[in-house]
Amino acid sequence: MTGKRIVVLGGAGFLGSHLCERLLEDGAAEVISIDNFSTGSERNLAELPRFGRFQSLRHDITAPLHIRGPVDYVFNMASPASPLDSMQLPIETLRVGSLGTENGLLLARDKDAVFLQASTSEIYGNPLVHPQREEYWGNVNPTGPRSCYEEARRYGEALVSAYRRTHGVQTRIARIFNTYGPRMRLEDGHVVPTFVGQALRGEDFTVFGDGSQTRSFCYVSDVIEGLVRLALSDCTEPVNLGNPREMTILQLAEAVRQVHGGSSRVLFQPLPRDEPRQRRPDITRARMVLDWEPYVSLEEGLLSTFAWFRKVTSRRTPRHEDGLASAPL
Ligand code: UDP
(Lines give C-alpha, C1' and ligand atoms only; values in the text may rest on other atoms or scores of the structure.)
Protein backbone atom coordinates (compact mmCIF):
# COMPACT_ATOMS: atom_id res chain seq x y z
CA MET A 1 0.00 0.00 0.00
CA THR A 2 3.09 2.23 -0.01
CA GLY A 3 2.43 5.49 -1.82
CA LYS A 4 -1.25 4.74 -2.47
CA ARG A 5 -4.16 7.13 -1.91
CA ILE A 6 -6.93 5.21 -0.21
CA VAL A 7 -10.55 5.95 0.71
CA VAL A 8 -12.07 3.95 3.58
CA LEU A 9 -15.87 4.16 3.74
CA GLY A 10 -16.91 3.59 7.35
CA GLY A 11 -13.39 4.44 8.47
CA ALA A 12 -14.48 5.39 12.01
CA GLY A 13 -15.99 1.99 12.79
CA PHE A 14 -14.45 -1.00 14.51
CA LEU A 15 -12.93 -2.64 11.43
CA GLY A 16 -12.64 0.57 9.40
CA SER A 17 -10.48 2.35 11.97
CA HIS A 18 -8.13 -0.63 12.36
CA LEU A 19 -7.84 -0.74 8.59
CA CYS A 20 -7.03 3.00 8.33
CA GLU A 21 -4.30 2.57 10.94
CA ARG A 22 -2.81 -0.45 9.20
CA LEU A 23 -2.79 1.30 5.79
CA LEU A 24 -1.01 4.31 7.29
CA GLU A 25 1.52 2.03 8.99
CA ASP A 26 2.09 0.37 5.62
CA GLY A 27 3.11 3.71 4.12
CA ALA A 28 -0.03 4.81 2.27
CA ALA A 29 0.41 8.30 0.79
CA GLU A 30 -2.96 9.35 2.19
CA VAL A 31 -5.90 7.63 3.89
CA ILE A 32 -9.29 9.36 3.80
CA SER A 33 -11.96 8.06 6.17
CA ILE A 34 -15.57 8.82 5.27
CA ASP A 35 -18.09 8.19 8.01
CA ASN A 36 -21.36 9.67 9.27
CA PHE A 37 -20.52 8.47 12.81
CA SER A 38 -23.89 6.76 13.21
CA THR A 39 -22.16 3.71 14.71
CA GLY A 40 -18.52 4.77 14.26
CA SER A 41 -16.74 6.99 16.72
CA GLU A 42 -14.28 9.90 16.60
CA ARG A 43 -12.42 8.21 19.42
CA ASN A 44 -11.52 5.31 17.11
CA LEU A 45 -9.59 7.79 14.96
CA ALA A 46 -7.95 9.71 17.79
CA GLU A 47 -4.47 8.25 17.25
CA LEU A 48 -4.38 8.60 13.46
CA PRO A 49 -3.56 12.30 12.92
CA ARG A 50 -0.04 11.48 14.19
CA PHE A 51 0.72 9.99 10.79
CA GLY A 52 0.09 13.37 9.10
CA ARG A 53 -1.38 11.62 6.04
CA PHE A 54 -4.87 11.05 7.41
CA GLN A 55 -8.15 12.89 6.78
CA SER A 56 -11.49 12.20 8.37
CA LEU A 57 -14.57 13.47 6.50
CA ARG A 58 -18.02 13.44 8.06
CA HIS A 59 -20.33 12.35 5.27
CA ASP A 60 -23.23 9.96 4.79
CA ILE A 61 -22.29 7.77 1.83
CA THR A 62 -25.92 7.29 0.83
CA ALA A 63 -25.39 10.78 -0.70
CA PRO A 64 -23.03 11.11 -3.71
CA LEU A 65 -19.32 11.03 -2.97
CA HIS A 66 -16.83 13.46 -4.47
CA ILE A 67 -13.12 13.18 -3.78
CA ARG A 68 -10.60 15.45 -5.48
CA GLY A 69 -7.54 13.89 -7.06
CA PRO A 70 -6.55 10.30 -7.75
CA VAL A 71 -7.72 7.35 -5.65
CA ASP A 72 -6.06 3.93 -5.86
CA TYR A 73 -8.26 1.89 -3.51
CA VAL A 74 -11.77 2.22 -2.06
CA PHE A 75 -12.54 -0.04 0.92
CA ASN A 76 -16.23 -0.27 1.75
CA MET A 77 -16.38 -0.99 5.47
CA ALA A 78 -19.52 1.08 6.06
CA SER A 79 -22.50 -0.55 7.72
CA PRO A 80 -24.14 -0.96 11.06
CA ALA A 81 -23.28 -4.59 11.76
CA SER A 82 -24.58 -5.90 15.06
CA PRO A 83 -27.88 -7.67 15.76
CA LEU A 84 -28.89 -4.69 17.93
CA ASP A 85 -28.10 -2.31 15.06
CA SER A 86 -30.34 -4.40 12.83
CA MET A 87 -33.19 -3.87 15.29
CA GLN A 88 -32.51 -0.16 15.79
CA LEU A 89 -31.26 0.94 12.34
CA PRO A 90 -32.93 -1.40 9.81
CA ILE A 91 -33.60 1.17 7.10
CA GLU A 92 -30.21 2.87 7.51
CA THR A 93 -28.62 -0.58 7.18
CA LEU A 94 -30.45 -1.28 3.93
CA ARG A 95 -29.72 2.17 2.53
CA VAL A 96 -26.00 2.13 3.29
CA GLY A 97 -25.71 -1.39 1.86
CA SER A 98 -27.47 -0.39 -1.36
CA LEU A 99 -27.12 3.36 -2.07
CA GLY A 100 -23.89 3.65 -0.09
CA THR A 101 -22.27 0.70 -1.83
CA GLU A 102 -23.30 2.10 -5.24
CA ASN A 103 -21.83 5.53 -4.44
CA GLY A 104 -18.59 3.82 -3.44
CA LEU A 105 -18.58 1.82 -6.68
CA LEU A 106 -19.19 4.97 -8.74
CA LEU A 107 -16.21 6.59 -7.03
CA ALA A 108 -14.05 3.53 -7.80
CA ARG A 109 -15.26 3.50 -11.42
CA ASP A 110 -14.53 7.22 -11.91
CA LYS A 111 -11.07 6.93 -10.35
CA ASP A 112 -10.20 3.54 -11.85
CA ALA A 113 -9.60 2.34 -8.29
CA VAL A 114 -9.75 -1.15 -6.79
CA PHE A 115 -13.00 -1.52 -4.80
CA LEU A 116 -13.04 -3.90 -1.84
CA GLN A 117 -16.43 -4.80 -0.40
CA ALA A 118 -16.48 -5.91 3.23
CA SER A 119 -19.22 -8.50 3.05
CA THR A 120 -20.10 -10.95 5.78
CA SER A 121 -20.79 -14.53 6.77
CA GLU A 122 -24.35 -13.28 7.37
CA ILE A 123 -24.94 -13.76 3.66
CA TYR A 124 -24.99 -17.52 4.41
CA GLY A 125 -27.91 -16.95 6.84
CA ASN A 126 -28.68 -20.00 8.97
CA PRO A 127 -26.46 -22.31 6.93
CA LEU A 128 -27.53 -25.78 5.84
CA VAL A 129 -23.96 -26.56 4.78
CA HIS A 130 -21.13 -26.74 7.29
CA PRO A 131 -18.45 -25.44 7.31
CA GLN A 132 -19.32 -22.63 4.90
CA ARG A 133 -17.45 -22.53 1.61
CA GLU A 134 -17.74 -19.59 -0.77
CA GLU A 135 -19.69 -21.76 -3.23
CA TYR A 136 -22.57 -22.10 -0.76
CA TRP A 137 -25.46 -19.71 -1.60
CA GLY A 138 -26.97 -19.48 1.86
CA ASN A 139 -30.27 -19.86 3.67
CA VAL A 140 -31.72 -16.45 4.44
CA ASN A 141 -35.18 -15.39 5.58
CA PRO A 142 -35.77 -12.25 3.47
CA THR A 143 -38.29 -10.74 5.89
CA GLY A 144 -36.92 -11.78 9.31
CA PRO A 145 -35.38 -9.49 11.95
CA ARG A 146 -31.83 -10.00 10.60
CA SER A 147 -32.87 -9.61 6.97
CA CYS A 148 -32.00 -5.91 6.68
CA TYR A 149 -28.33 -6.72 7.25
CA GLU A 150 -28.24 -10.08 5.48
CA GLU A 151 -30.09 -8.91 2.39
CA ALA A 152 -28.24 -5.58 2.24
CA ARG A 153 -24.93 -7.44 2.16
CA ARG A 154 -26.22 -9.95 -0.39
CA TYR A 155 -27.44 -7.07 -2.58
CA GLY A 156 -24.02 -5.44 -2.08
CA GLU A 157 -22.26 -8.53 -3.46
CA ALA A 158 -24.65 -8.58 -6.44
CA LEU A 159 -24.06 -4.87 -7.12
CA VAL A 160 -20.29 -5.21 -6.84
CA SER A 161 -20.39 -8.14 -9.27
CA ALA A 162 -22.59 -6.17 -11.69
CA TYR A 163 -20.20 -3.19 -11.64
CA ARG A 164 -17.31 -5.55 -12.31
CA ARG A 165 -19.08 -7.17 -15.27
CA THR A 166 -20.69 -4.03 -16.70
CA HIS A 167 -18.13 -1.31 -16.00
CA GLY A 168 -14.97 -3.34 -15.51
CA VAL A 169 -14.44 -2.08 -11.95
CA GLN A 170 -11.67 -4.06 -10.24
CA THR A 171 -13.64 -5.52 -7.34
CA ARG A 172 -12.83 -7.72 -4.35
CA ILE A 173 -15.32 -9.30 -1.92
CA ALA A 174 -14.33 -10.34 1.61
CA ARG A 175 -16.85 -12.41 3.58
CA ILE A 176 -15.90 -11.58 7.14
CA PHE A 177 -16.91 -14.01 9.89
CA ASN A 178 -17.30 -13.09 13.58
CA THR A 179 -14.48 -10.70 14.48
CA TYR A 180 -13.64 -9.14 17.83
CA GLY A 181 -11.09 -6.91 19.49
CA PRO A 182 -10.41 -3.39 20.76
CA ARG A 183 -12.76 -0.59 19.54
CA MET A 184 -15.88 -2.71 19.46
CA ARG A 185 -18.77 -0.98 21.17
CA LEU A 186 -19.31 -2.43 24.61
CA GLU A 187 -23.08 -2.42 24.19
CA ASP A 188 -23.58 -3.23 20.52
CA GLY A 189 -25.04 -6.63 21.40
CA HIS A 190 -22.25 -8.73 19.91
CA VAL A 191 -21.41 -11.60 22.18
CA VAL A 192 -17.71 -10.87 22.84
CA PRO A 193 -18.10 -7.27 24.10
CA THR A 194 -21.25 -8.32 25.96
CA PHE A 195 -19.44 -11.11 27.85
CA VAL A 196 -16.34 -8.94 28.42
CA GLY A 197 -18.51 -6.14 29.86
CA GLN A 198 -20.38 -8.62 32.03
CA ALA A 199 -17.13 -10.13 33.32
CA LEU A 200 -15.74 -6.67 34.16
CA ARG A 201 -18.90 -5.73 36.04
CA GLY A 202 -19.03 -9.10 37.84
CA GLU A 203 -22.39 -9.90 36.21
CA ASP A 204 -23.55 -13.24 34.88
CA PHE A 205 -23.09 -14.08 31.19
CA THR A 206 -26.34 -13.80 29.23
CA VAL A 207 -26.30 -16.95 27.10
CA PHE A 208 -29.07 -17.16 24.51
CA GLY A 209 -30.85 -20.47 24.05
CA ASP A 210 -28.99 -23.40 25.57
CA GLY A 211 -25.62 -22.03 24.42
CA SER A 212 -24.93 -24.96 22.09
CA GLN A 213 -25.01 -22.75 18.96
CA THR A 214 -21.53 -22.28 17.50
CA ARG A 215 -19.43 -19.44 16.13
CA SER A 216 -15.76 -19.02 15.19
CA PHE A 217 -14.09 -15.86 16.50
CA CYS A 218 -11.27 -14.13 14.67
CA TYR A 219 -9.10 -11.42 16.20
CA VAL A 220 -9.27 -8.09 14.39
CA SER A 221 -5.60 -7.86 13.32
CA ASP A 222 -5.89 -11.20 11.50
CA VAL A 223 -8.93 -10.00 9.56
CA ILE A 224 -7.21 -6.71 8.65
CA GLU A 225 -4.22 -8.66 7.31
CA GLY A 226 -6.60 -10.71 5.16
CA LEU A 227 -8.30 -7.57 3.82
CA VAL A 228 -5.00 -5.99 2.81
CA ARG A 229 -3.84 -9.20 1.10
CA LEU A 230 -7.15 -9.49 -0.73
CA ALA A 231 -7.00 -5.89 -1.95
CA LEU A 232 -3.49 -6.52 -3.29
CA SER A 233 -4.50 -9.78 -4.99
CA ASP A 234 -6.32 -10.11 -8.28
CA CYS A 235 -9.03 -12.38 -6.87
CA THR A 236 -12.52 -11.23 -7.89
CA GLU A 237 -14.34 -14.19 -6.30
CA PRO A 238 -15.62 -13.83 -2.71
CA VAL A 239 -13.12 -14.92 -0.07
CA ASN A 240 -14.02 -16.07 3.46
CA LEU A 241 -11.98 -14.40 6.20
CA GLY A 242 -12.45 -15.86 9.65
CA ASN A 243 -11.06 -18.21 12.23
CA PRO A 244 -11.88 -21.88 11.65
CA ARG A 245 -11.71 -22.62 15.40
CA GLU A 246 -15.38 -23.27 16.11
CA MET A 247 -16.86 -23.26 19.61
CA THR A 248 -20.19 -23.19 21.36
CA ILE A 249 -21.29 -20.01 23.08
CA LEU A 250 -21.03 -21.83 26.40
CA GLN A 251 -17.38 -22.58 25.60
CA LEU A 252 -16.84 -18.92 24.77
CA ALA A 253 -18.33 -17.91 28.14
CA GLU A 254 -15.95 -20.33 29.82
CA ALA A 255 -12.97 -18.92 27.87
CA VAL A 256 -13.90 -15.36 28.89
CA ARG A 257 -14.19 -16.45 32.51
CA GLN A 258 -10.80 -18.19 32.36
CA VAL A 259 -9.07 -15.15 30.91
CA HIS A 260 -10.63 -12.68 33.35
CA GLY A 261 -11.08 -14.78 36.46
CA GLY A 262 -14.08 -13.69 38.52
CA SER A 263 -17.22 -15.50 39.44
CA SER A 264 -19.65 -14.81 36.56
CA ARG A 265 -22.06 -17.67 35.98
CA VAL A 266 -24.34 -18.36 33.06
CA LEU A 267 -27.82 -16.84 32.82
CA PHE A 268 -29.86 -18.48 30.07
CA GLN A 269 -32.11 -16.20 27.98
CA PRO A 270 -34.42 -16.89 25.02
CA LEU A 271 -32.77 -17.41 21.64
CA PRO A 272 -33.56 -14.57 19.19
CA ARG A 273 -35.41 -15.47 15.96
CA ASP A 274 -33.59 -16.69 12.83
CA GLU A 275 -30.24 -17.08 14.56
CA PRO A 276 -27.67 -19.19 12.73
CA ARG A 277 -27.24 -22.47 14.64
CA GLN A 278 -23.66 -22.99 13.60
CA ARG A 279 -20.99 -21.09 11.73
CA ARG A 280 -17.43 -21.87 10.73
CA PRO A 281 -15.55 -20.60 7.71
CA ASP A 282 -13.87 -22.90 5.25
CA ILE A 283 -10.77 -20.80 4.56
CA THR A 284 -9.24 -23.02 1.87
CA ARG A 285 -9.56 -20.24 -0.71
CA ALA A 286 -7.95 -17.61 1.53
CA ARG A 287 -5.10 -20.02 2.27
CA MET A 288 -4.54 -20.78 -1.40
CA VAL A 289 -5.08 -17.37 -2.99
CA LEU A 290 -3.86 -15.06 -0.22
CA ASP A 291 -1.55 -17.38 1.70
CA TRP A 292 -3.54 -16.18 4.71
CA GLU A 293 -4.70 -17.75 7.91
CA PRO A 294 -5.37 -16.35 11.38
CA TYR A 295 -2.74 -16.81 14.03
CA VAL A 296 -3.91 -14.88 17.14
CA SER A 297 -5.30 -17.32 19.70
CA LEU A 298 -8.62 -16.67 21.43
CA GLU A 299 -6.84 -16.30 24.75
CA GLU A 300 -4.38 -13.66 23.43
CA GLY A 301 -7.18 -11.84 21.63
CA LEU A 302 -9.40 -11.79 24.70
CA LEU A 303 -6.54 -10.48 26.84
CA SER A 304 -6.01 -7.46 24.58
CA THR A 305 -9.77 -6.93 24.30
CA PHE A 306 -10.08 -6.88 28.08
CA ALA A 307 -7.10 -4.51 28.34
CA TRP A 308 -8.71 -2.07 25.93
CA PHE A 309 -12.14 -2.14 27.53
CA ARG A 310 -10.57 -1.62 30.96
CA LYS A 311 -8.68 1.39 29.64
CA VAL A 312 -11.62 3.08 27.92
CA THR A 313 -14.09 2.44 30.68
CA SER A 314 -11.74 3.84 33.33
CA ARG A 315 -11.36 7.03 31.24
CA ARG A 316 -15.07 7.42 30.63
CA THR A 317 -16.73 10.79 31.15
CA PRO A 318 -20.23 11.32 32.56
CA ARG A 319 -21.49 12.08 29.04
CA HIS A 320 -21.44 8.32 28.27
CA GLU A 321 -19.66 8.83 24.97
CA ASP A 322 -19.65 6.36 22.14
CA GLY A 323 -22.41 4.13 23.37
CA LEU A 324 -20.54 2.86 26.40
CA ALA A 325 -22.44 1.40 29.33
CA SER A 326 -23.96 3.96 31.64
CA ALA A 327 -23.27 1.89 34.76
CA PRO A 328 -19.74 2.21 36.15
CA LEU A 329 -17.58 -0.85 35.58
N1 UDP B 1 -25.17 -14.45 22.19
C2 UDP B 1 -25.43 -14.83 23.50
N3 UDP B 1 -25.54 -13.85 24.45
C4 UDP B 1 -25.42 -12.51 24.17
C5 UDP B 1 -25.17 -12.13 22.82
C6 UDP B 1 -25.06 -13.13 21.86
O7 UDP B 1 -25.55 -16.02 23.81
O8 UDP B 1 -25.53 -11.69 25.09
C9 UDP B 1 -25.00 -15.50 21.18
C10 UDP B 1 -25.96 -15.37 20.01
O11 UDP B 1 -27.13 -16.10 20.31
C12 UDP B 1 -25.18 -15.97 18.88
C13 UDP B 1 -23.71 -15.76 19.25
O14 UDP B 1 -23.71 -15.39 20.62
O15 UDP B 1 -25.42 -17.34 18.81
C16 UDP B 1 -23.01 -14.71 18.43
O17 UDP B 1 -23.78 -13.55 18.52
P18 UDP B 1 -23.30 -12.17 17.90
O19 UDP B 1 -24.46 -11.25 18.05
O20 UDP B 1 -22.02 -11.76 18.48
O21 UDP B 1 -22.99 -12.49 16.37
P22 UDP B 1 -23.85 -13.16 15.20
O23 UDP B 1 -25.09 -13.80 15.77
O24 UDP B 1 -24.15 -12.06 14.28
O25 UDP B 1 -22.93 -14.18 14.67
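The values are calculated or read from the model by the stated rules, or taken from the named source; none is laboratory data. Note that the structure is a prediction, hence the values are computed from the model and not measured. All Cβ positions, even for glycine, are placed from backbone atoms using ideal geometry, and neighbour counts span all protein chains on display. Please note that ligands, DNA and RNA were not included when accessible areas were found on the heavy atoms of the full protein model with its side chains. Shrake-Rupley method; radii C 1.70, N 1.55, O 1.52, S 1.80 Å.
Between ASP274 and LYS311, how high is the FRET efficiency from 1/(1 + (r/R0)^6) when r is the Cβ-Cβ distance and R₀ = 51 Å? Nearest 0.05. Efficiency for this residue pair is about 0.90.
Put the Cα centre of segment 1-47 next to the Cα centre of segment 84-101 and the gap is 20 Å. When a 1.4 Å probe is rolled over the protein heavy atoms, the share of accessible surface on the chain that falls to carbon and sulfur comes to 51 percent.
Among the protein heavy atoms, those of LEU99 account for about 70 Å² of accessible surface (1.4 Å probe, every chain in place).
Rolling a 1.4 angstrom probe over the protein heavy atoms with all chains in place gives the chain an accessible area of 43 Å² per residue. Computed on the chain, with alpha-carbon pairs under 8 angstrom and 6+ residues apart, the relative contact order is 17 percent. Pull out a ≥ b ≥ c, the square roots of the eigenvalues of the alpha-carbon gyration tensor of segment 44-123, then state rounded if a/c is under 1.5, prolate if not and a/b is larger than b/c, and oblate in the remaining case. Note, shape of segment 44-123 comes out oblate.
About the Cα centre of the chain, how large is the charge dipole given +1 on each Lys and Arg Cβ and -1 on each Asp and Glu Cβ? Please answer in debye to the nearest 20. Don't skip to the end; give the middle numbers.
Numbers: 38 positive and 40 negative charges, 70 e Å.
Magnitude of the dipole: close to 340 debye.
Fully extending the segment from VAL129 to LEU267, taken as 0.36 nm per residue of separation minus the present Cα-Cα distance, adds 46.7 nm. Principal axis analysis of the Cα atoms in the chain yields extents of 55, 45, 37 Å, listed in decreasing size. Were the residues from PHE208 through LEU99 laid out at 0.36 nm apart, the gain over their Cα-Cα distance would be 35.9 nm. Once you order the gyration tensor axes a ≥ b ≥ c over the Cα atoms, which shape class does segment 1-82 get: rounded for a/c under 1.5, otherwise prolate or oblate by comparing a/b with b/c? Oblate shape, in that a/c is at least 1.5 and b/c is the bigger or equal ratio.
The residues TRP308, TRP137, TRP292, sorted by heavy-atom accessible surface at 1.4 Å with ligands and nucleic acids left out, run TRP137, TRP308, TRP292 from largest to smallest.
A probe of 1.4 angstrom, applied to the heavy atoms of all protein chains, finds MET288 with accessible area near 150 square angstrom. Our summary gives segment 1-87 a relative contact order of 38 percent, counting only alpha carbon pairs under 8 angstrom and 6 or more residues apart. Ranking ASN141, LEU128, THR171 by Cα position along the charge dipole of segment 103-195, where only Lys, Arg, Asp and Glu carry charges on their C-beta atoms, puts THR171 farthest toward the positive end. A simple spin-label model places the labels of THR248 and GLU300 2.8 nm from each other, with each point 7 Å out along Cα-to-Cβ. For the pair ASP26 and ASP291, label points projected 7 Å from Cα toward Cβ lie 1.5 nm apart.
In the complete set of protein chains, residue-level accessible area for PHE37 is approximately 30 Å², probe 1.4 angstrom. The simple Förster model, with R0 at 30 Å and r as the Cβ-Cβ distance, assigns THR166 and LEU232 a FRET efficiency of 0.80. With the helix formula -39500 (n - 2.57) applied to DSSP H stretches of n ≥ 4, the chain reaches a computed 222 nm mean residue ellipticity of -11000 deg cm²/dmol. Here the label points at ASP112 and LEU57, each 7 Å from Cα along the C-beta direction, are separated by 2.1 nm in the simple model. Ordered by solvent-accessible area of protein heavy atoms (1.4 Å probe), largest first, the residues GLU135, GLU122 come out as GLU135, GLU122.
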